[in-house]
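Enquirer: What follows is a single structure, and I will ask about it in a moment.
The values are calculated or read from the model by the stated rules, or taken from the named source; none is laboratory data. Given the structure is predicted, the values throughout are model-derived calculations rather than measurements. Note that we place each Cβ from the backbone using ideal geometry, even for glycine, and neighbour counts take in every protein chain shown.
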Amino acid sequence: QGADPFPAAPPETLEEIAQGIAACRRCPIGCNGTRAVPGEGPARARLLIVGEQPGDSEECAGRPFVGPAGQLLDRHLRQAGLDRASIRLTNAVKHFRFEPRGKRRIHQTPTAGQIDLCRWWLEAERRLVKPDMVLALGASAGRALLGRAPRLADERGTAMRLADGAGLWLTVHPSYLLRLEGAARDREEARFQDDLARLRIMLE
Ligand code: URA
């Protein structure tokens, strides 16, 4: 890793970021043969949503949030009156970390070190997109934005501010909701919806 430092000058366009992440081999995920998934959405957006990393569907499509978690997110965005087309969506980690199991690729959470390394790209994207608000979905996104492990239980629902002045709002990752069933699923989806509804009010 030390042999391949980040360039001294950060990327000046989103296209440069897309090319940079595609060529990035600074951590083992970048070397696993998968394609990097760049952020998607307007180059200047008031809201930036940050997930953890592309999943199996996203790696195949080369686009963020197109699989089951993305579909659930889309439904909640619509319900909260937030228009996906006006939002920029990206991930804390740009490649898909997985464990092969037979023909399947099973998601593996990126390590703190991998998130911290990939943060350089996220910071570059934030500098260009200049969002007013950033929504972090889950602990990996929270870590990438705060530079430390978030305390989701306390910090969820608390408006925070990043060093550049953008607002930060933390909530759970939609994949967490997909793993729940019955009453717990209904309760947590309602809380998630409430987080998005409050975010929409902050954007008004
Ligand atoms: N989960 C994420 O965190 N990001 C995606 O792009 C898809 C699923």
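Enquirer: Residues in region 143-152: is at least one in contact (Cβ under 8 Å) with a residue 60 or more places away in the chain and surrounded by 15 or more Cβ atoms within 10 Å (Cβ to Cβ)? Spell out the reasoning first.
Expert: First, the residues of region 143-152 that are in contact (Cβ under 8 Å) with a residue 60 or more places away in the chain: 144-145.
With surrounded by 15 or more Cβ atoms within 10 Å (Cβ to Cβ) added as a condition, the list becomes 144-145.
Among the residues of region 143-152, at least one is in contact (Cβ under 8 Å) with a residue 60 or more places away in the chain and surrounded by 15 or more Cβ atoms within 10 Å (Cβ to Cβ), which makes the answer yes.
Matching residues to (1) β-branched (Val, Ile, Thr); (2) closer than 27 Å to residue 179 by Cβ; (3) more than 15 Å from the ligand (Cβ to nearest atom); (4) part of a loop (DSSP other than H, G, I, E, B):
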residue	(1), (2), (3), (4)
18	no, no, no, no
26	no, no, yes, yes
29	yes, yes, no, yes
50	yes, yes, no, no
73	no, yes, no, no
77	no, yes, no, no
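Enquirer: Looking at 80, 69, which one is over 18 Å from the mean Cα position of the chain (by Cα) and under 17 Å from residue 173 (Cβ atoms)? Walk me through how you get there before you give the answer.
Expert: Working: 69 fails: over 18 Å from the mean Cα position of the chain (by Cα).
Selected residue: 80, the only one of 80, 69 that is over 18 Å from the mean Cα position of the chain (by Cα) and under 17 Å from residue 173 (Cβ atoms).
Enquirer: Can you tell me which residue in region 52-71 is farthest from residue 196 (Cα to Cα), limited to those that are in contact with an Asp or Glu (Cβ under 7 Å, 6 or more places away or on another chain) and more than 7 Å from the ligand (Cβ to nearest atom)?
Expert: 63
Enquirer: Quick one: residue 11 ticks every box in (1) more than 30 Å from residue 194 (Cα to Cα); (2) under 14 Å from the mean Cα position of the chain (by Cα) except a single one, so which number is it?
Expert: Status for residue 11: all satisfied but (2).
Enquirer: Kindly check whether there is at least one residue in region 87-97 that is modelled with pLDDT of 95 or more and more than 27 Å from residue 25 (Cβ to Cβ).
Expert: yes
Enquirer: Right, another one. Under 7 Å between Cβ atoms, at least 6 apart or on separate chains: pull out the pairs that start in region 171-185 with a residue that is under 25 Å from residue 145 (Cβ atoms) and end on any residue that is in a loop (DSSP other than H, G, I, E, B).
Expert: 171/156; 173/52
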